[in-house]
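Here is the structure we will look at.
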Amino acid sequence: WEFCKKEIDQTEDSIKVEENTKEDLDEKHTDLVNTIDALNRDIEGLKQEEHDMMVALKQAGENRKAENELYQTSVSDQRATINVLNKALARLKQFYAPELVQVSANEPGQAVAPKPATPKDYAKSAGAGGVIQLIM
C-alpha cells in the first residue's frame with residue numbers, strides 16, 4: 001500500500017509540474033502572439049508612413065520642377081531685359097558721343113585761352129531785300 005501511495009504522490013507531483021509548465025507555455029504563447037500582433041501593427045504603420053513619405057517626395061519634386069520653370073523664365077526675362085538695356089545704352093552712347101560733347105581741356109595751372117572777339121553791332125545787310133520781299 002505504501003508503494004502505491006508513493007507512486008500516486010509522485011504522479012500527482014509530476015502532473016502539477018507538467019500543468020505549471022503547460023500554464024507557463026500558454027502564457028508565453030499568448031505573450032508571443034500579442035508581440036506578433038503589435039509588431040504587425042507597427043509594420044503596417046511604418047508602411048503607411050513610407051507611402052506618405054513617397055507621396056510627399058513626389059509632390060516636392062513636382063513643386064521643385066514648377067519653381068525651376070518659374071526661375072528659368074525669370075532668368076530668361078532678366079537676360080532679355082539686360083540685352084535691351086545694353087542696346088539702348090549703345091544707342092545713347094552713339095547719340096551722346098564724346099566727339100560731339102565739348103570737353104574742357106583745361107588743366108589746373110594751364111594758361112587760359114584769350115576771350116573771343118566781340119561781335120559787331122547789328123546792322124541791316126545792304127544786299128538783302130528783307131523777309132517781306134522773300135515772302136512776296
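It is to be established whether one or more residues within region 47-59 are at pLDDT 75 or above, open to solvent by less than 100 Å² (accessible area, probe 1.4 Å), small (G, A, S) and outside any loop (DSSP other than H, G, I, E, B). Looking for residues that are at pLDDT 75 or above, open to solvent by less than 100 Å² (accessible area, probe 1.4 Å), small (G, A, S) and outside any loop (DSSP other than H, G, I, E, B), one finds at least one in region 47-59, hence yes. The selection criterion, being open to solvent by less than 90 Å² (accessible area, probe 1.4 Å) and at pLDDT below 75, holds for A97. If you check T81, T118 for being at pLDDT 75 or above, among the β-branched types (V, I, T) and open to solvent by 90 Å² or more (accessible area, probe 1.4 Å), only one passes: T118.
The values are calculated or read from the model by the stated rules, or taken from the named source; none is laboratory data. Note that the structure is predicted; figures quoted are calculated from it, not measured. Side chains included, ligands, DNA and RNA excluded: accessible areas come from the protein's heavy atoms. Shrake-Rupley method; radii C 1.70, N 1.55, O 1.52, S 1.80 Å.
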